[in-house]
Amino acid sequence: MKDVKVLGPGCKRCTATAEMVQQEADRLGIAVAVEKVTDMAAIAGFGIAATPGIVIDGKVVHAGGLPKPEDVARWLAA
Amino acid sequence: MSTASPGRPALPRATGPRIALLAGLLLLWAAVYASLLPAAEWIVRQLPLDAEAPPGRALAFFLYDTPKVLLLLTLVVFAMGVVRSFFSPERTRALLAGRREGVGNVAAAGLGIVTPFCSCSAVPLFIGFVSAGVPLGVTFSFLIAAPMVNEVALGLLFALLGWQVALAYLGFGLMLAIVAGAVIGRLKLEDWLEPWVRDLRVAPAAVEAPTLTLADRIDAGREAVVDIVGRVWPWVIAGIAVGAFIHGWVPETLLAAIMGRDAWWSVPAAVALGIPMYSNAAGIVPVVEALLGKGAALGTTLAFMMSVIALSAPELVILRKVLTVRLIAVFVGVVGLGILAVGYLFNALFG
């Protein structure tokens, strides 16, 4: 089970990013627990300057803007 | 949006075909642009309207300006989308961390224009900058320039008021961001941040920098067009409709007395009026253009526009999460005074 956090204050892109992560994980058959982190202090604690951000198993893999689905798949598979 | 919009086939990922397609689209763009005025005049002539009477004048304005503005906006947004693919907030932060005030303010204002920025990530960006050691005043220079000098404002000013006004807006916007940031930095207000922000020290995350090819950058421009033009076109049309109404029906000299350059108090009034209003450049610029034709002064109307965009109430509410009320008051005061100065300067220069 991969632990995925989507960092963002709840804007449209953040929701879309969380959905994309879940979709790609389902497509690849990878078990994930997606958690949305909306608390500003918690988001800032990951050291990113733009949202949405994606953290997989504690490692920041993306910050700022809607990611490409193929990149999400690559991060999940890594 | 990384997926192609409905009805449009996904583009191939190769560079060659993309450049060919881009060149073709540019030619098509130029051809359509050149035929706008004749087409608008032809349509108005087909209708049982007097081209010189208010309804005819308003309709001609609307029919010509709507496609013209949307075409020019698309071009500017595309170019900015490509330029912005060279920058990221993380990279900008690395460039600004530990900079001295002064040089740092100039760099931050400049980077504010080219770094991808969305007001929904203003707070994480603010925290990210401050906690990584970017001085407070430098952070503010960035946060003032980023939303105010944006491609939509520049594109629309260029389309409706000419490149001189767009360039002047760019120059004064940068100057305002630099000076206001430097003033806030000089006041040493770090203690007025919310305590949890002040005490936060985090190492910037090491995110892999994506390697982008030319094809990726062209894609970034296309995505910017789909995203931004897709979002603001209703505002543009609404703004031009209001502008068309003003062109057609508002008497020529009505506004000279209240918004003209001889009414010195109109600049502060425009700034104060702009703060609670929330719109974006797309809706404001066409109205500004129409007001100018009725005797309003350029500086007054641009001060109004800057105030609406840079000092919007919703953004202040968002910033309240990280700034104390005192610091927000200083921010509004310094930026408001700056906009006042810009308004008076514009009135003096373009009078």
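Bear in mind that the values in this text are calculations on the coordinates, not laboratory data. Computed from a predicted model, the values in this text were never measured in an experiment. Reconstructed Cβ throughout: ideal geometry from the backbone, glycine too, with neighbour counts over all protein chains shown.
Label chain A by shape, choosing from rounded, prolate and oblate, from the square roots a ≥ b ≥ c of the eigenvalues of the Cα gyration tensor; if a/c is under 1.5 it is rounded, and otherwise prolate applies when a/b is larger than b/c, oblate when it is not. Prolate, since a/c reaches 1.5 and a/b exceeds b/c. Local charge for A:VAL6 was computed over the other residues whose Cβ lies under 12 Å away, with Lys and Arg +1 and Asp and Glu -1, and equals 0.
If the viscosity is 1.306 mPa s and the temperature 10 °C, what translational diffusion coefficient in µm²/s does Stokes-Einstein give for the stretch B:11-122 when Rh comes from Kirkwood over Cα pairs?
On the way: Rh = 18.1 Å.
Value of D from the Cα-based Kirkwood radius: 88 µm²/s.
Among the trypsin sites (Lys or Arg not before Pro) in the stretch B:61-136, those located in a DSSP loop and surrounded by at most 15 other Cβ atoms within 10 Å of their own Cβ are B:ARG100. Its DSSP H runs of at least 4 residues, each contributing -39,500 (n - 2.57), put the calculated 222 nm mean residue ellipticity of the protein assembly as shown at -20500 deg cm²/dmol, to the nearest 500. The label point for A:ALA31 and the one for A:GLU19, both projected 7 Å from the Cα toward the Cβ, are 2.7 nm apart. Taking chymotrypsin sites (Phe, Trp or Tyr not before Pro) across the stretch B:245-351, the ones in a DSSP loop with at most 14 further Cβ atoms lying within 10 angstrom of their Cβ are B:TRP264, B:TRP265, B:TYR278.
Dividing the Cα radius of gyration of the protein assembly as shown by its Kirkwood radius returns 1.00 for Rg/Rh.
Of the trypsin sites (Lys or Arg not before Pro) found in the stretch B:298-351, those that fall in a DSSP loop while having at most 16 other beta-carbon atoms within 10 Å are B:ARG320, B:LYS321. For B:GLY260, the amide hydrogen comes within under 5 Å of the amide hydrogens of B:ALA297, counting only partners 5 or more places away or on other chains and with H modelled in the peptide plane.
Of the beta bridges in the protein assembly as shown, as assigned by DSSP with both residues counted there, near 60 percent are antiparallel.
May I ask for log10 I(q)/I(0) of chain B at q = 0.07, 0.08, 0.10 Å⁻¹, from a Debye sum over the Cα atoms as equal point scatterers with solvent left out? So the normalised log intensities work out to -0.34, -0.44, -0.67.
Note the full-extension length gain between B:LEU95 and B:TRP42 as 0.36 nm times their separation in residues minus their Cα-Cα distance, in nm to one decimal. Let's see the in-between values first.
Details: separation 53, 0.36 × 53 = 19.08 nm, distance 5.35 nm.
Between B:LEU95 and B:TRP42, full extension yields 13.7 nm more.
Excluding the sites themselves, what is the longest stretch of chain B that contains no GluC sites (Glu not before Pro) in a DSSP loop with at most 13 other C-beta atoms within 10 Å? Let's see the in-between values first.
Working: sites that count: B:GLU52, B:GLU208, B:GLU252.
That would be B:53-207.
Under a Cβ-Cβ cut-off of 14 Å, what is the net charge of the residues other than B:LEU323 that fall near it, where Lys and Arg count +1 and Asp and Glu count -1? Walk me through the intermediate numbers first.
Values: positive: B:ARG198, B:ARG320, B:LYS321, B:ARG326; negative: B:GLU190, B:ASP191, B:GLU194, B:GLU315.
Net charge in that neighbourhood comes out at 0.
Taking Lys and Arg as +1 and Asp and Glu as -1, the other residues whose beta-carbon sits under 15 Å from that of B:THR300 total 0.
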